[in-house]
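The values are calculated or read from the model by the stated rules, or taken from the named source; none is laboratory data. As the structure is a computational prediction, the values presented were derived from the model and not from experiment. For neighbour counting, all protein chains shown are included, and Cβ atoms are generated from backbone atoms with ideal geometry for every residue, glycine included.
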2 protein chains.
Amino acid sequence: MDEPSPAAAPGRALLTAELLAIGTELTVGETTDTNSGELARSLVAHGVVVARVSNLPDHQPTVVEAMRVALARADLVVCTGGLGPTPDDLTREALAEVCGEDLQTDPRALARLREMWARRSQPFPESNVKQAWTIASATSLPNPHGTAPGWWVDRPGGRVIVLLPGPPREMGPMWRDHVLPKLVGRGVGGDADVRTLRLTGIGESQVVEELGEPLLRRANPVVATYARHEAVDVRISARPEDGRSAAELGAEAEAAVLSILGDHVWARGDTTWADALGEALAARGWTLATTERGSGGALVALLRGMPGLRRAETVEPDAEAAPSGSSEGELELREAERMRTESRADVGLAIRIEASGRDTHAHVGLVAPTGRHAERRTAFQGGRQGADRAAIAGAAVLHAFLRR
Amino acid sequence: MDEPSPAAAPGRALLTAELLAIGTELTVGETTDTNSGELARSLVAHGVVVARVSNLPDHQPTVVEAMRVALARADLVVCTGGLGPTPDDLTREALAEVCGEDLQTDPRALARLREMWARRSQPFPESNVKQAWTIASATSLPNPHGTAPGWWVDRPGGRVIVLLPGPPREMGPMWRDHVLPKLVGRGVGGDADVRTLRLTGIGESQVVEELGEPLLRRANPVVATYARHEAVDVRISARPEDGRSAAELGAEAEAAVLSILGDHVWARGDTTWADALGEALAARGWTLATTERGSGGALVALLRGMPGLRRAETVEPDAEAAPSGSSEGELELREAERMRTESRADVGLAIRIEASGRDTHAHVGLVAPTGRHAERRTAFQGGRQGADRAAIAGAAVLHAFLRR
């Protein structure tokens, strides 16, 4: 009998994946599934298409059916959650049922569990025995950050299903240290190139209009737009085609987008305003102090944790009479100068927010060693959203000034 | 033909729901689906069982298949996302295909869109016409916060499918103001009682220990604990049993929890620290000014939008030499007094954050018309998490003072 093991000769490229996040806390909305996002980003970066993400309750028939359907559609199925010690946790039971195999206790895993409790000088709760359960076709995945080992199971036809623990601090390291290397060793995914351009001062529909249907409808590279809190993002994802690499096609599409909308691009990837301004200030060796009026702290929230921000002040509009200025921008320039002086920062930035019907005006003033600048921008929203947009306008004005 | 309309005679109680969140940004992990959690909490509170949550890519055949399967299993299907103006946005097309109906342009919706662009003095992008598309069986749901109206569609057998926009600030109000009242009017869900107690100054494992297994293992009411950013939440969810109402059983379990952990409860439901402090200040007719040092704006972020917050100051520890105080708390009391005087607020709150190995100390001082209070608290985390926890400690100290 010289039959090759399924792992040694998988005979299937792992090109598509489905993710199952298991736990009633997810379907009642008490907990947000962040694991699937982390797994999806990792898989996409390795050229795997994530076809679907499902959140399922701790209900064995539902989980069994979802595993079967996912295994019929995708090359790789990654499950998170339901590996705890409580009666609710039944992901192991569900996969044993799918595989038609009996659950058995792994003596080494059990010994490790008993030792963990002994180390804490606590009696071992018998309910935890189930965390040492396994099936014949499962390979155990070590969990240095918790009690439940993961499972790697090779299925007929070269498909793979993996069980990972739900707590992100256990899931993440197990994925990175044990699952991903094994997948890469087997040759997961294809060549892929993903790049994101972050735009400001333009709405999503205007971005769509400028880029035009031919670019946005192309199957490869895919060019997609996303209206986010901080930016409109243009995301380019490429696969190899006609002998050209993913990176080559990605770079070409990026150049096309930049030639149309380059003036609006303020960052790439997942750069935040705090990152972008922090870097732009550091490049000049400058520090910043800010004052905002009427925005409820929108600017300091946007810049939270930014290196080089020495002092931030938030004033409510009804708190103190605004100092009057004789011309547009004069008031903000004076405020910016005051903050800059008071806090001995290199740059002072002042924004004042003013509701205007359903819209919000942002009056921005900034004073730097190389000059002064005042500008008024309008956000087409009111309330808290309007304040957020106005703060972003203030950050964008400063960023443009620093890049000059 | 006197056939009753499906809406008038639904003949089906809406007891189970499935949620479909549509958008490739979700399945590539670029965006986290927060809409489904919000919808699930709302549905569960109305006695509806959420059987499954799926995140799907912008791929029409996948969405059509998922809608069909969900409509076969659940009474109610709620979709979010894919109502934007781009070629990617094809949730409308998918539901039209499921219903076997043609897409047509709703002239009133189109007129509203054109007017929105006219108000901004911008040319109307023809790509946006699709946001005015509808089908014969759809009822339009107004969107005061964006351009895409939602759809409510009655399906055979009394089932319902709803399409909502993806941006949470558009989705939330449409759900609360237009979908939920319509569902309640139709008699959604069963009798259910959900109540959440928010705790501070105690860790989750201590909460579990104090409540004990008998309370936490009961099938009805279910008592579950969740460690969150702002609090440890104890969630009680009850169904009717043995002739007793859900509310009666929920109240009984709440009383049991309060008798054990009542001292730690600072709020209920989804109350935030900004809500709780805003109310406690309003009850005394007081205003607040804050100053924080070393926290990167954690306190102003926590209190964002709080009524009664007149002024908030954030100072970086290296920015200015901290004024020296001769005894513990004296420095913070002096800072609190300074802010209170400078901003003419009733209460001054000062926090200073100090790293201590892997932990973070929060030095809190507060000055109010009725007295002064200083306290040091320790958060068992460092970095940004430590700063967040320290800000919460500051809020908790003020809240306890105001409730005295």
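Flag not set for B:Arg114, criterion: away from every other protein chain (no Cβ under 14 Å), modelled with pLDDT under 95 and either in a strand (DSSP E or B) or surrounded by fewer than 19 Cβ atoms within 10 Å (Cβ to Cβ) (or both).
Tell me whether the range B:164-173 contains one or more residues that are in contact with a Pro (Cβ under 6 Å, 6 or more places away or on another chain) and over 21 Å from A:Ser205 (Cα atoms). Let's see the steps before the verdict.
Within the range B:164-173, the first condition is being in contact with a Pro (Cβ under 6 Å, 6 or more places away or on another chain), and the residues that meet it are B:171.
So of that shortlist, the ones also over 21 Å from A:Ser205 (Cα atoms) come out as none.
No, the range B:164-173 contains no residue that is in contact with a Pro (Cβ under 6 Å, 6 or more places away or on another chain) and over 21 Å from A:Ser205 (Cα atoms).
Answer yes if at least one residue in the range B:167-177 is buried (at least 17 other Cβ atoms within 10 Å of the Cβ), in a loop (DSSP other than H, G, I, E, B) and in contact with an Asp or Glu (Cβ under 6 Å, 6 or more places away or on another chain), and no otherwise. No - not one qualifying residue is present in the range B:167-177. Only one entry of B:Ser343, B:Ser327 meets the criterion of being on the phi < 0 side of the Ramachandran plot and facing another protein chain (nearest Cβ under 10 Å), and that entry is B:Ser343. When A:Pro57 is tested against (1) within 9 Å of chain B (Cβ to nearest Cβ); (2) within 23 Å of the chain's Cα centre (by Cα), only condition (2) is not met.
Listed conditions (1) touching a helix residue (DSSP H, G or I) at 6+ places or on another chain (Cβ under 7 Å); (2) under 23 Å from A:Glu97 (Cβ atoms); (3) at pLDDT below 90 are all met by A:Ser127, apart from (1). Against the numbered list (1) facing chain A (nearest Cβ under 7 Å); (2) crowded, with 21+ Cβ neighbours inside 10 Å; (3) part of a loop (DSSP other than H, G, I, E, B), B:Val50 comes up short only at (3). Residues in the range B:60-86 that are within 28 Å of the chain's Cα centre (by Cα), within 12 Å of chain A (Cβ to nearest Cβ) and part of a helix (DSSP H, G or I): B:Val63, B:Ala66, B:Ala70, B:Arg73.
Does A:Asp89 satisfy being closer than 26 Å to A:Ala51 by Cα and assigned to a helix (DSSP H, G or I)? Spell out how you get there, then give the answer.
Working: closer than 26 Å to A:Ala51 by Cα: yes; assigned to a helix (DSSP H, G or I): no.
So A:Asp89 fails the test.
The single residue among A:Thr34, A:Thr27 that is farther than 20 Å from A:Val153 by Cα, buried (at least 19 other Cβ atoms within 10 Å of the Cβ), among the hydroxyl-bearing types (Ser, Thr, Tyr) and modelled with pLDDT under 95 turns out to be A:Thr27.
Matching residues to (1) outside any helix (DSSP H, G or I); (2) of a type in the set (Phe, Trp, Tyr); (3) touching a helix residue (DSSP H, G or I) at 6+ places or on another chain (Cβ under 6 Å); (4) under 15 Å from B:Gly394 (Cα atoms):
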{"site": "B:Val257", "(1), (2), (3), (4)": "no, no, no, no"}
{"site": "B:Asp263", "(1), (2), (3), (4)": "no, no, no, no"}
{"site": "B:Asp270", "(1), (2), (3), (4)": "yes, no, no, no"}
{"site": "B:Ala280", "(1), (2), (3), (4)": "no, no, yes, yes"}
{"site": "B:Trp286", "(1), (2), (3), (4)": "yes, yes, no, no"}
{"site": "B:Thr290", "(1), (2), (3), (4)": "yes, no, yes, yes"}
{"site": "B:Val300", "(1), (2), (3), (4)": "no, no, yes, yes"}
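Residue count for the range A:230-250 satisfying the condition of being buried (at least 16 other Cβ atoms within 10 Å of the Cβ), of a type in the set (A, V, I, L, M, F, W, C) and more than 14 Å from chain B (Cβ to nearest Cβ): 2. Condition first: in contact with a Ser or Thr (Cβ under 6 Å, 6 or more places away or on another chain) and facing chain B (nearest Cβ under 9 Å). Now tell me which residues in the range A:281-299 satisfy that. Residues satisfying the conditions are A:Ala289, A:Gly297.
Here is a yes/no grid of residues against (1) over 20 Å from B:Asp58 (Cβ atoms); (2) more than 12 Å from chain A (Cβ to nearest Cβ); (3) polar (S, T, N, Q); (4) touching a strand residue (DSSP E or B) at 6+ places or on another chain (Cβ under 8 Å):
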{"residue": "B:Asp89", "(1), (2), (3), (4)": "no, no, no, no"}
{"residue": "B:Ala109", "(1), (2), (3), (4)": "yes, yes, no, yes"}
{"residue": "B:Ala118", "(1), (2), (3), (4)": "yes, yes, no, no"}
{"residue": "B:Val129", "(1), (2), (3), (4)": "no, no, no, yes"}
{"residue": "B:Ala136", "(1), (2), (3), (4)": "yes, yes, no, yes"}
{"residue": "B:Thr139", "(1), (2), (3), (4)": "yes, yes, yes, yes"}
